[in-house]
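Colleague: Before we start, here is the structure in question, set down as structure tokens.
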Amino acid sequence: MEEEISLREIIDVVWNGRWVILLVTAAAMLVSGLVSQFLMAPTYEARATMMVNVADMKQEPAGSALDELLASLSQYPQMTMTTYAEQMRNPYIMKKVIEDLKLNPEVYTVTGLRKIIRVEEVKNTNLIRLYVTGRDPEQITQIANAVANE
């Protein structure tokens, strides 16, 4: 035969152990608060938003077939927003930012700088957001501004 447990018995067990539940919850909250306050270093995030405008390359109508051929070959390829976003994390840009800001090359390498930078496209717009995370708020702000300027 199976023994049935009623809802009332379950409620009684939980009610009798309420102090244990409250103490464990309070202790966990206290420990997590102390750890986050004293042991974990704060992390800051700087954000820059940029608008991408594609320059329209209008040319005078060509007279001959050769002029038309040269005009079509000299046009720049269309770049998508994803291309612009990836260009912001290009190693050349990262090296230039490290040199311009005179960052310590032992601390800030191209790969390390790419890890702290996140780029996202704002959906249905021509905006790109750049996020830089780190421990020093002034330095990450300078890095975000330098990448945006490049």
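The values are calculated or read from the model by the stated rules, or taken from the named source; none is laboratory data. Model, not experiment: these values are computed from the prediction. Positions of Cβ are backbone-derived with ideal geometry, glycine not excepted, and every protein chain shown enters the neighbour counts. Remember, those area values only see protein heavy atoms, side chains included, never the ligands or the DNA or RNA. Shrake-Rupley method; radii C 1.70, N 1.55, O 1.52, S 1.80 Å.
Colleague: For a quick check of understanding: with a 1.4 angstrom probe and all protein chains in place, what accessible area in square angstrom does residue 107 have, to the nearest ten?
Modeller: Ignoring ligands and nucleic acids, residue 107 comes out at about 90 Å².
Colleague: Tell me, what is a quarter of the convex hull surface for the C-alpha atoms of the stretch 83-150, in nm² with one decimal? Write down the numbers at each step before the final one.
Modeller: Numbers: hull surface 17.9 nm².
Its Cα hull, projected and averaged over all orientations, spans 4.5 nm².
Colleague: Separate question: Rounded to the nearest 0.05, what FRET efficiency do residue 149 and residue 34 have when you use their Cβ-Cβ distance and R0 = 41 Å?
Modeller: Values: r = 41 Å, r/R0 = 1.01.
According to the calculation, E is roughly 0.50.
Colleague: Sticking with this one: Using helices alone, what [θ] at 222 nm do you get for the chain, with -39,500 (n - 2.57) per DSSP H run of 4 or more residues, divided over all residues and rounded to the nearest 500? Mind showing how you got there, number by number?
Modeller: On the way: 7 runs with 73 residues, N = 150.
Helix-only estimate at 222 nm: -14500 deg cm²/dmol.
Colleague: Something else now. Mind pulling the angle between the C-alpha long axis of helix 91-100 and the longest principal axis of the chain? Nearest 10 degrees, somewhere in 0 to 90.
Modeller: Value to nearest ten degrees: 90.
Colleague: Helix 137-149: angle to the longest alpha-carbon principal axis of the chain, degrees 0 to 90, nearest 10?
Modeller: The helix 137-149 is inclined about 30 degrees to the chain.
Colleague: May I ask for the net charge around residue 80, where only other residues with Cβ less than 13 Å from the Cβ of residue 80 are counted and Lys, Arg are +1 while Asp, Glu are -1? Please list the in-between numbers first.
Modeller: On the way: positive: none; negative: 86, 121.
Here the charged neighbours net out to -2.
Colleague: Round to the nearest 10 and report in Å² the accessible area of residue 10, as given by a 1.4 Å probe over the protein chains' heavy atoms.
Modeller: The accessible area of residue 10 comes to roughly 90 Å².
Colleague: Scanning the chain for trypsin sites (Lys or Arg not before Pro) in DSSP loops with at most 13 other Cβ atoms within 10 Å, what's the longest stretch left with none?
Modeller: Working: sites that count: 58, 102, 123, 135.
Of all site-free stretches, the longest is 1-57.
Colleague: Which FRET efficiency value, to the nearest 0.05, do you get for residue 123 and residue 86 by plugging their Cβ-Cβ distance into 1/(1 + (r/R0)^6) with R0 = 25 Å? Before the final figure, lay out the partial values.
Modeller: Values: r = 17 Å, r/R0 = 0.68.
In this case the efficiency is close to 0.90.
Colleague: Kindly sort 51, 94 by accessible area of their heavy atoms, largest first, with the probe set to 1.4 Å.
Modeller: Details: 51 125, 94 0 Å².
Result of the area sort, largest leading: 51, 94.
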